[in-house]
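Engineer: I'd like to ask you about the structure that follows.
The values are calculated or read from the model by the stated rules, or taken from the named source; none is laboratory data. Here the structure is a predicted model, which means the values were calculated and not measured. Don't worry about glycine lacking a Cβ; one is built from the backbone with ideal geometry, like all the others, and counts go over all protein chains shown. These accessible areas exclude ligands, DNA and RNA; they are computed on the full protein's heavy atoms, side chains included. Shrake-Rupley method; radii C 1.70, N 1.55, O 1.52, S 1.80 Å.
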Amino acid sequence: MRTQKTQEKAGFGSKIGFILAAAGSAVGLGNIWRFPYLAAKYGGGIFLLVYLILAVTFGFALMLTEITIGRRTGKSVMGAYTAMDKRFRPLGWLAGAIPVIIMPYYCVIGGWVLKYLVVFLTGSGKAAADNSSFFSNFIGHSWSPLLFFAIFLLITGSVVMLGVQKGVEKVSKILMPLLLVLIVGIAIYTMTLPGAIQGLEYYIKPDLSAFSIKTVVAAMGQLFYSMSLAMGIMITYGSYMRKEDHIENSVRQIEVFDTVVAFLAGMIIVPAVFVFSGGDSSALNAGPSLMFITLPNVFSDMLGGQIVGTVFFLLVSLAALTSSISLMETVVSMLEERFHLKRIPACCTATGCAFLIGLLSVFGYSIWSDFTIFGKQMLDFFDFVSNNLMMPIVALMTCILVGYVVKTTYIESEIEKNERFRSKGLYRIMIRYVCPACMLIIFFSSLFMSF
Ligand code: PHE
């Protein structure tokens, strides 16, 4: 009985399992449809450099904090904040609400990706690309996006249902290396296209004239989203981490994985779009239109585009799937802890609720398209509230809690149980001064840009 209990608490069975699962969460749509665009827009190499510096300072400190909170308290995101300080219970609720809001619409987009995978797989990629309204027709259709959303959600739910070790960990251990192979493969192929080298140059050559404070703010916002911070995910995964594993170097490895994938995605997308548009950099856009309109066009013009398109959408599906798994696991861990549900009922509840909430986003493009909030479609509204409002507040409050209430020793002592905390000095400065300032900047700049 006792061993069973310890095993249950241990969660992940290995350090590499933990790292790949966390990297699986971090590597997602943001790496593929946002990073390359931002890098190209904000000065190429100079953006990459700023991003890297922020990753090893600001991103490092926040991710380390969340993972350590999880491991020290051993609780879900709701319980963790209360365990640290009772007065911070509302913060647990706020943080816990974020994955509940994001998961449904993330799976809706996951469904779109799946649809494109099927389109390319069945050889209709070219036809889809030639029809300029293919994408809007698809999302405006009443049942087809619903079907793909449901399939994506069910796959996510089934993995999480299998448990932390047999589901999340095992799947991450298979999918993440596969993802890396696929992305390296397409990157190499793209580099062989005529004209690709100029595209690559455009991507990595520092353009100082494009550098401004906006470069820093854009890099900061991207980093924050890309590392899956302030969504309760890293706290949850931290709570499953083995006590004997080293936190500091795990965080470094997760960051390296995430950044390498983002960089490689840029190596594919920037030159490919560059070649396709005959060197016109303004053809590069971000978000759904890049993924579902521009890129299919690029692929359909490429030699072997059907195969490249299939591999690409497979890769994106895997990236999105491991991220949605992390969202669902975060929700399930709350249901298990707070409402004492067993895993299977917890998964069914999470899947069922996500399905119902997701309907708002799915139908927001078809039968309910007249219904908008602040002029935003439902999916955009959920995205805005969670990313631009709730997440910066949660991260800011976490910095205050750790930096000034329980003090950084709360984190340091957990890390120093079995390793030397090499970046302790840097960490203290980051959490107490730099990270809160960055969070305020992200919060106000995104408010400012949206209104
Ligand atoms: N880190 C993910 C990305 O870069 C974002 C994400 C992860 C969003 C998990 C939601 C849930 O795309």
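Engineer: Go through segment 248-266 and give me each residue that's surrounded by fewer than 24 Cβ atoms within 10 Å (Cβ to Cβ) and of a type in the set (Val, Ile, Thr).
Structural biologist: The answer is Val256, Thr259, Val260.
Here is a yes/no grid of residues against (1) basic (Lys, Arg); (2) open to solvent by 10 Å² or more (accessible area, probe 1.4 Å):
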| residue | (1), (2) |
| --- | --- |
| Tyr365 | no, yes |
| Lys376 | yes, yes |
| Met390 | no, yes |
| Ala395 | no, no |
| Tyr404 | no, yes |
| Glu414 | no, no |
| Ile441 | no, yes |
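Engineer: Could you tell me which numbered condition Ile102 fails, if it satisfies all but one of (1) in contact with a Phe, Trp or Tyr (Cβ under 6 Å, 6 or more places away or on another chain); (2) open to solvent by less than 30 Å² (accessible area, probe 1.4 Å); (3) within 14 Å of the ligand (Cβ to nearest atom)?
Structural biologist: Condition (1) is where Ile102 drops out.
Engineer: In segment 199-230, which residue that is within 12 Å of the ligand (Cβ to nearest atom) and part of a helix (DSSP H, G or I) is surrounded by the most Cβ atoms within 10 Å (Cβ to Cβ)?
Structural biologist: Filtering segment 199-230 for residues that are within 12 Å of the ligand (Cβ to nearest atom) and part of a helix (DSSP H, G or I), the one surrounded by the most Cβ atoms within 10 Å (Cβ to Cβ) comes out as Leu223.
Engineer: Continuing with the same structure: In this structure, does Tyr240 turn out to be modelled with pLDDT of 95 or more, within 25 Å of the chain's Cα centre (by Cα) and buried (at least 20 other Cβ atoms within 10 Å of the Cβ)?
Structural biologist: Criteria met by Tyr240.
Engineer: Considering each of Phe355, Phe363, Phe374 in turn, give the residue that is on the phi > 0 side of the Ramachandran plot and either over 19 Å from the mean Cα position of the chain (by Cα) or without any contact (Cβ under 8 Å) to a residue 60 or more places away in the chain (or both).
Structural biologist: Exactly one of Phe355, Phe363, Phe374 is on the phi > 0 side of the Ramachandran plot and either over 19 Å from the mean Cα position of the chain (by Cα) or without any contact (Cβ under 8 Å) to a residue 60 or more places away in the chain (or both), namely Phe374.
Engineer: A further question follows. Among the residues of segment 273-293, how many are within 20 Å of Ala320 (Cβ to Cβ) and buried (at least 19 other Cβ atoms within 10 Å of the Cβ)? I'd like the intermediate steps shown before the answer.
Structural biologist: Our first condition is that a residue be within 20 Å of Ala320 (Cβ to Cβ); within segment 273-293, this holds for 285-293.
Still in the running and buried (at least 19 other Cβ atoms within 10 Å of the Cβ): 290-292.
Of the residues in that region, 3 qualify.
Engineer: Under 21 Å from Gly403 (Cβ atoms) and of a type in the set (A, V, I, L, M): does that describe Leu114?
Structural biologist: Values: under 21 Å from Gly403 (Cβ atoms): no; of a type in the set (A, V, I, L, M): yes.
Here the answer is no, as Leu114 does not meet what is asked.
Engineer: Moving to a separate point now. Answer yes if at least one residue in segment 155-178 is hydroxyl-bearing (Ser, Thr, Tyr) and within 16 Å of the ligand (Cβ to nearest atom), and no otherwise. Full working, then the answer.
Structural biologist: So the first thing to find is which residues in segment 155-178 are hydroxyl-bearing (Ser, Thr, Tyr), and the list is 156, 158, 172.
Now drop any that are not within 16 Å of the ligand (Cβ to nearest atom), which leaves 156, 172.
Among the residues of segment 155-178, at least one is hydroxyl-bearing (Ser, Thr, Tyr) and within 16 Å of the ligand (Cβ to nearest atom), which makes the answer yes.
Engineer: Applying the selection to segment 9-40, what residues are of a type outside the set (Gly, Ala, Ser), more than 10 Å from the ligand (Cβ to nearest atom) and part of a helix (DSSP H, G or I)?
Structural biologist: Residues satisfying the conditions are Lys9, Lys15, Ile16, Phe18, Ile19, Leu20, Pro36, Tyr37, Leu38.
Engineer: Let me ask you something else. Take the conditions more than 16 Å from the ligand (Cβ to nearest atom), among the hydrophobic types (A, V, I, L, M, F, W, C), closer than 27 Å to Thr259 by Cβ and open to solvent by 20 Å² or more (accessible area, probe 1.4 Å) and apply them to Val311. Does it pass?
Structural biologist: Yes, satisfied.
Engineer: Is it true that Leu447 is part of a helix (DSSP H, G or I), at pLDDT below 95 and surrounded by fewer than 14 Cβ atoms within 10 Å (Cβ to Cβ)?
Structural biologist: yes
Engineer: Among the residues of segment 175-192, how many are crowded, with 18+ Cβ neighbours inside 10 Å and farther than 30 Å from Phe18 by Cβ?
Structural biologist: Residues in segment 175-192 being crowded, with 18+ Cβ neighbours inside 10 Å and farther than 30 Å from Phe18 by Cβ: 2 in total.
Engineer: Pairs, please: C-beta under 8 Å, at least 6 apart or cross-chain, first residue free of Cβ contacts under 8 Å to residues at least 60 places away in the same chain and open to solvent by less than 10 Å² (accessible area, probe 1.4 Å) and in segment 29-41, second near the ligand (Cβ under 7 Å from one of its atoms) and of a type in the set (Lys, Arg)?
Structural biologist: none
Engineer: For segment 333-357, give me each residue that is within 16 Å of the ligand (Cβ to nearest atom) and more than 19 Å from Val108 (Cα to Cα).
Structural biologist: Correct list: Ser333, Met334.
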